[in-house]
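Working notes, beginning with the structure itself.
The values are calculated or read from the model by the stated rules, or taken from the named source; none is laboratory data. Note that the structure is a prediction, hence the values are computed from the model and not measured. When we count neighbours, we look across all protein chains shown, and the Cβ atoms used for this are built from the backbone with ideal geometry, even at glycine. Surface areas here come from the heavy atoms of the whole protein model, side chains and all, with no ligands, DNA or RNA. Shrake-Rupley method; radii C 1.70, N 1.55, O 1.52, S 1.80 Å.
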Amino acid sequence: MAEPRPVLEMTGIVKEFPGVRALSGVDFRLFPGEIHALMGENGAGKSTLIKVLTGVHPLDGGTITLDGKAVRIGSPLQAQHAGISTVYQEVNLCPNLSVAENIFIGREPTRAGRIQWKQIRKQAAEMVDRLGLDIDVTAPLSSYPLAVQQLVAIVRSVGHGDSDGEGSGTKVLVLDEPTSSLDRDEVLELFRLMRRLRDEGVAILFVSHFLDQIYEICDRMTVLRNGTLVGEHMVADLDQVGLIELMIGKALDQLEELHEHQLRSDVGETLVKAEGLGRTGGIAPFDLEIKKGEVLGLAGLLGSGRTELARLLFGADQPDSGKVTIVGKQVPMSAPNDAIGAGVAFCSENRKTEGLVPDLTVRENIILALQASRGWTRPIPASQRDELVAKYIKALDIRPANPEARVGQLSGGNQQKVLLARWLITQPKLLILDEPTRGIDVGAKAEIQKLVVSLSEDGMSVLYIAAELEEVLRLSHTIGVLRDRKLVAQLTNGPEITTSRILETIASGEHQ
Amino acid sequence: MSTPSATTPARWRALTHHHLFWPVAVLVALLLVNVPFTPDFFAIRMADGHLYGSLVSIVLFGSPLILVAVGMTLVIATGGIDLSVGAVVAITGALTCSYISDQADQNALAGVFLAMGIGLVAAVVCGLWNGFLVARMGIQPIIATLIIMVAGRGVAQLITDGQIITINSEPYKLIGGGYWLTLPFSIFVVAAVVAVTVALTRRTALGLLVESVGGNAEASRLVGIRSMRIKIMVYMFCALCAGIAGLMISSNTSAADGNNAGLWIELDAILAVVIGGTSLLGGRFSIGGTVIGALVIQTLTTTIYTIGVPTQTNLVFKAAVVIVVCLLQSPKFRAKVFGAKGRARVTAPAEPATPADAAPKMEVSR
Ligand SMILES: Nc1ncnc2c1ncn2[C@@H]1O[C@H](COP(=O)(O)OP(=O)(O)OP(=O)(O)O)[C@@H](O)[C@H]1O
Ligand SMILES: [Mg+2]
């Protein structure tokens, strides 16, 4: 075969964690100038392979060759010096530092030993701009939503050398689910950047659970299942159905089932009513009604205020105008407690900082919300607790199905499921789901969407936020459209509502 | 391909992975160090119906530290720290002793109980103040508790008029210096406090909520945990423990010394908590670990005397041992020192081997 020599070759990679063999003898190779997808279900070992490659975890067996030379990568810093830039699955930047500082941290341009702040800000602004982002690089990172933080992480990793001069040396770019909370436009922007880097000869390793994205951008893919290598294929040679079958290891039974699944049409009486609810800098005052059993989807671009709206309804941020009534009673909304007491649950998009307690076990994380509402004096009886936890581990197929496992050690998608379980267990009246399928694999995603539909059938109201418009459209009775931190329209879902219609509404910002 | 971990007996691995393994190992090692110097170190004698021996003394003298450290554990688990415990020890002792010394009959039970009550209430008020500053005002715990740490000793001095108050009360003497059922009474007090703490945290959901608040404060808020209440409660509990320790110390010496009672005990307590395996970052805590940690520190102090480390170097000696203990507890350090052979295997083959023969080679080279 006249294939060029791979820039990166990993052979017989073994990685064991206490009790779990995350990788058993995986081979992986990456050629210069290709975009290579690493595929697999939640917990298949994708992130682990990446962490072994970049020196986060020491490997327990196997070899890594970079440019034909065997290398030992002991730390992420060494990986960077060896020309491997990485965006990890969980954003790991410093929330208190500014965007610009985050981009340049560890490689600040200096003159005579002094950091060139002006230059940092200017370059950072340019780099961010190139990704089509319009943000203030001097603001602290934490003031931006997760999607922006993710983009900043990307800018940071491709930053070397992408910006003029200094000669990058990035040979391998690793992106572990960089698109999990991005909207279409940012994804396109990212893809443009990826293509350019590919054409410059950079080898890109890309992980995503969005199959369409894989087929759009990737040249080759490697499929993992349960920590073993299933195969390496050219994307052109394998269709989606074949791919899914390789990933889950059995024939695919209709994932599309949901389409026929009719949304319940007769929604009940008003459950939650927000009047003039707003917060300066968050979202302009809005009126909103959610009926019993209704799924209200929110559509809008990045930074349009979807998350902000949800947070106000939960009391996570304090509104400075308006009021919320839940089943006819006004709720003060001065803290999440008030909303929780009234039957509202909020599953945050940011599972790492706002969701899970990594040191606690799966069981403890799952019962946390329920326990908090009971107060510390009334622990949930052990038998009831174990039963509930086992039930939800099974229902959501959390792997490993071990309630004693530390949540921090679960794969990203499984962590997300734990977060969902936590709130489902409380049986709220209104369930707010902010990007609930973030990082969840294709099979599980369909399961979760089915779950939402059945919850709504049982009379639970759901506020559903997802970057993927199709997802919102498929599930919602009503679609709230946001633009520039304003709720501009509420469309009743029906045959005439299509994604392009919603996009139009977003673009024009008008209520029709 | 088998891994090194699979070849070691699984039992042994489970044991070494237990969170109390290293603290207990260190404690046992320290105890053993004493044997060459004091051959009858583990001997326990009976005299006058009381048990005597080095082990009994270690627990007896370590009692106040255990109490303070147990309270400190919960504070640290919420992500805080309490520097004021030493001062609280002094205040409680001062208040209690000065009340008792004002009594006509220092041996009257009612008076002694009232005195203890006053002392403990004062302690809890200190804790409430700390908790208020930390939870309500959002002041950094280290700063918030520094206030009482510094000012508290002054208050204790004020209470005792700058004197050392000595008292002569038989009932009060029992707490820190008396015997019951052949054992020092302090041991029973400590056992009771530890048992209550464990029950309070593990039989209710308090422990879980404390760990959650310490493990991820924002997530805890969004889950509806009333972390403010929990934090205040925990600081009050910590101060209460310090108060009981204060009673014990002043009872043992039958005197209240505003200057020296409980001096630096906060540092030993923090150390005990850390040795016991609770992270200073908050989150998971272990009361059992803390008790062992406190015993390690007390044993260390005893050891310094028995092996005759010169007084002027004993702090250096203590520091050296503490460093070793902390290093032993660090998984990274252990991996570097003890795990070397496991790792070497992996990184050995330097030349690019073909996948087919790479694996067997690694097997052989071990
Ligand atoms: N630090 C760790 N300690 C113990 N087990 C771990 C650790 N990290 C990962 N694992 C386990 O290794 C397996 C593979 O996890 P990994 O994160 O690589 O999955 P993934 O393919 O990235 O999944 P996802 O799509 O959900 O992100 C999982 O079973 C996980 O529980
Ligand atoms: Mg992953």
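Key figures for this structure:
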quantity	calculated
So A:Ile425, is it more than 16 Å from ligand 2 (Cβ to nearest atom) and either within 21 Å of the chain's Cα centre (by Cα) or open to solvent by less than 40 Å² (accessible area, probe 1.4 Å) (or both)	yes
Residue in the stretch B:126-136 that is in contact with a helix residue (DSSP H, G or I) (Cβ under 8 Å, 6 or more places away or on another chain) and not in a helix (DSSP H, G or I) present	no
Qualifying residues in the stretch A:46-67 (those that are out of contact with any helix residue (DSSP H, G or I) (no Cβ under 8 Å at 6 or more places or on another chain) and more than 7 Å from chain B (Cβ to nearest Cβ)) - the one nearest to A:Ile440 (Cα to Cα)	A:Lys46
Matching residues in the stretch A:394-419 - criterion: being part of a helix (DSSP H, G or I), more than 13 Å from ligand 1 (Cβ to nearest atom) and either in contact with a helix residue (DSSP H, G or I) (Cβ under 9 Å, 6 or more places away or on another chain) or assigned by TED's automatic domain parsing to the domain that holds A:Glu177 (or both)	A:Ala395
Pairs with Cβ under 7 Å, 6+ apart, first in the stretch A:400-413 and within 14 Å of chain B (Cβ to nearest Cβ) and among the acidic types (Asp, Glu), second more than 6 Å from ligand 1 (Cβ to nearest atom) and open to solvent by less than 60 Å² (accessible area, probe 1.4 Å)	A:Glu404/A:Thr361; A:Glu404/A:Arg363
Residue tally, condition more than 12 Å from every other protein chain (Cβ to nearest Cβ), among the aliphatic types (A, V, I, L, M) and surrounded by 24 or more Cβ atoms within 10 Å (Cβ to Cβ), over the stretch B:220-244	3
Residue check for B:Gly293: within 29 Å of A:Thr361 (Cα to Cα), open to solvent by 20 Å² or more (accessible area, probe 1.4 Å) and assigned to a helix (DSSP H, G or I)	no
Test: residue in the stretch A:306-314 that is β-branched (Val, Ile, Thr) and either part of a loop (DSSP other than H, G, I, E, B) or in contact (Cβ under 8 Å) with a residue 40 or more places away in the chain (or both)	yes
Any hit, the stretch A:449-459, residues being of a type in the set (Val, Ile, Thr) and away from ligand 1 (no atom under 16 Å from the Cβ)	yes
The stretch A:52-66, residues that are surrounded by fewer than 23 Cβ atoms within 10 Å (Cβ to Cβ) and within 16 Å of ligand 2 (Cβ to nearest atom)	A:Val56, A:His57
Matching residues in the stretch A:315-334 - criterion: being aliphatic (A, V, I, L, M), part of a loop (DSSP other than H, G, I, E, B) and either touching a Ser or Thr at 6+ places or on another chain (Cβ under 9 Å) or open to solvent by 30 Å² or more (accessible area, probe 1.4 Å) (or both)	A:Ala316, A:Val327
Matching entry among A:Leu271, A:Leu313, A:Leu296 (being more than 23 Å from the chain's Cα centre (by Cα) and aliphatic (A, V, I, L, M))	A:Leu271
Among residues of the stretch A:474-512, those that are touching a residue at least 40 places away in the same chain (Cβ under 8 Å), among the basic types (Lys, Arg) and not in a loop (DSSP other than H, G, I, E, B), counted	3
Qualifying residues in the stretch B:168-203 (those that are more than 20 Å from B:Gly246 (Cα to Cα) and within 17 Å of the chain's Cα centre (by Cα)) - the one surrounded by the fewest Cβ atoms within 10 Å (Cβ to Cβ)	B:Val198
Pairs, first within 17 Å of A:Leu197 (Cβ to Cβ) in the stretch A:125-150, second assigned to a loop (DSSP other than H, G, I, E, B) and modelled with pLDDT under 85, C-beta under 7 Å, six or more apart	A:Glu126/A:Ser163; A:Met127/A:Ser163
Subset of the stretch A:341-359 [facing another protein chain (nearest Cβ under 7 Å) and either on the phi > 0 side of the Ramachandran plot or surrounded by 23 or more Cβ atoms within 10 Å (Cβ to Cβ) (or both)]	A:Phe346, A:Ser348, A:Gly355, A:Leu356, A:Val357
Test: residue in the stretch B:44-62 that is surrounded by 24 or more Cβ atoms within 10 Å (Cβ to Cβ), closer than 30 Å to B:Leu206 by Cβ and touching an Asp or Glu at 6+ places or on another chain (Cβ under 8 Å)	no
Members of the stretch B:35-88 found to be part of a loop (DSSP other than H, G, I, E, B), polar (S, T, N, Q) and modelled with pLDDT of 95 or more, listed by number	B:Thr78, B:Ser84
Any hit, the stretch A:267-288, residues being surrounded by 20 or more Cβ atoms within 10 Å (Cβ to Cβ), modelled with pLDDT of 90 or more and not in a strand (DSSP E or B)	no
Residue tally, condition at pLDDT 90 or above, within 16 Å of ligand 1 (Cβ to nearest atom) and open to solvent by less than 30 Å² (accessible area, probe 1.4 Å), over the stretch A:87-98	1
Qualifying residue in the stretch B:89-111 (condition: open to solvent by 10 Å² or more (accessible area, probe 1.4 Å), among the polar types (S, T, N, Q), part of a helix (DSSP H, G or I) and more than 25 Å from B:Ala195 (Cα to Cα))	yes
The one condition in (1) within 9 Å of chain B (Cβ to nearest Cβ); (2) farther than 22 Å from B:Val198 by Cα that A:Thr377 fails to fulfil	(2)
Residue identified as surrounded by fewer than 24 Cβ atoms within 10 Å (Cβ to Cβ) and either in contact (Cβ under 8 Å) with a residue 40 or more places away in the chain or in contact with a Pro (Cβ under 6 Å, 6 or more places away or on another chain) (or both) among B:Leu328, B:Leu247	B:Leu328
Hits in the stretch B:204-219 (condition: open to solvent by less than 10 Å² (accessible area, probe 1.4 Å) and at the interface with another protein chain (Cβ under 7 Å from one of its Cβ atoms))	B:Ala205, B:Leu206, B:Leu209, B:Glu211, B:Ser212, B:Ala219
In the stretch A:188-212, residue nearest to the other protein chains (Cβ to nearest Cβ) [restricted to those that are within 16 Å of ligand 2 (Cβ to nearest atom) and under 16 Å from A:Gly33 (Cβ atoms)]	A:Leu205
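Condition check ((1) in a strand (DSSP E or B); (2) modelled with pLDDT of 90 or more; (3) within 22 Å of A:Asp185 (Cα to Cα)) across all residues:
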site	(1), (2), (3)
A:Arg107	no, no, no
A:Gln119	no, no, no
A:Gln123	no, no, no
A:Glu126	no, no, yes
A:Asp129	no, no, yes
A:Gly132	no, no, yes
A:Ile135	no, no, yes
A:Thr138	no, yes, no
